[in-house]
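Here is the structure we will look at.
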Amino acid sequence: MCCLQLFSMFVLGIAGDFNAGKSTVRRFLQRHGWGGIDCDTIVHDLYLPGREGSRLIRGLCGDGVFFHNGRINRTALGHLLMAQNGLRIKVEHAVHPLVKEVVQSFIKQHVRKAIDKVCVEIPVYDSFVWRGILDALFWVTARDNLIKSRLPQRKKHLISFVQKKMPLKN
């Protein structure tokens, strides 16, 4: 005798303002039984030498954003993307589908483990990429003064990049 067990997965996207607390929300949910994945971590992995993300960056941005050891110079890449907005969009459109594949694999692994809820921390939300994957989106925000007070904890060059992508209100 065979029985079929139906299993549903709820996938929550966590997106929002830079430095507003997305990781804090993801870690909170993970402590309460959710599976969780961070798209920034995925991108860092995809950018390792020899990986597909690294090859895409070399093709789109050239050798000038790479160190001699083959690693991406993220500061140089950030400066280039900040200077050429159209290039930033091309990079995002090339890299986001790779991230989506990793997230889909992560979700499938959790279905096999019978974990019924997963959260995906998404630094740059693109509805086209995430359509059909997310059941809901939780947008994290914080007061501008809190976001600004957290920014110095990060590398200084990120401030102008973030303000170009998502201007903070005064």
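Report in % the part of the accessible area of the range 1-108 that belongs to carbon and sulfur, leaving out ligands and nucleic acids; probe 1.4 Å.
Working: 3450 of 6150 Å².
After summing per-atom areas, the C and S share lands at 56 percent.
If you plug each phi of the range 85-92 into the Karplus form 6.51 cos²θ - 1.76 cosθ + 1.60 with θ = phi - 60°, what whole-Hz ³J(HN,Hα) values come out, in order, with x for Gly and Pro?
4, x, 5, 4, 5, 4, 5, 4
Just the accessible area per residue of the range 11-130, please: how many Å² with a 1.4 Å probe? Don't skip to the answer; put the middle values down first.
Numbers: 6110 Å² over 120 residues.
For the range 11-130, the per-residue accessible area is 51 Å².
Just going by the charge dipole of the range 55-158, with Lys and Arg at +1 and Asp and Glu at -1 on Cβ, which of Leu137, Met82, Ile122 is farthest out on the positive end?
Farthest along the dipole direction, towards plus: Met82.
Between Gly16 and residues 5 or more places away or on another chain, which pairs have amide H atoms under 5 Å apart, with H built 1.01 Å from N, and which residues are they?
For Gly16, whose amide H was placed from the backbone, the distant partners under 5 Å are Tyr125, Val140.
The values are calculated or read from the model by the stated rules, or taken from the named source; none is laboratory data. Predicted, not measured: the structure shown is a model, and the values here were computed from it. All Cβ positions, glycine included, derive from the backbone under ideal geometry; neighbour counts span all protein chains shown. Only protein heavy atoms, including side chains, enter the accessible area calculation; ligands, DNA and RNA are left aside. Shrake-Rupley method; radii C 1.70, N 1.55, O 1.52, S 1.80 Å.
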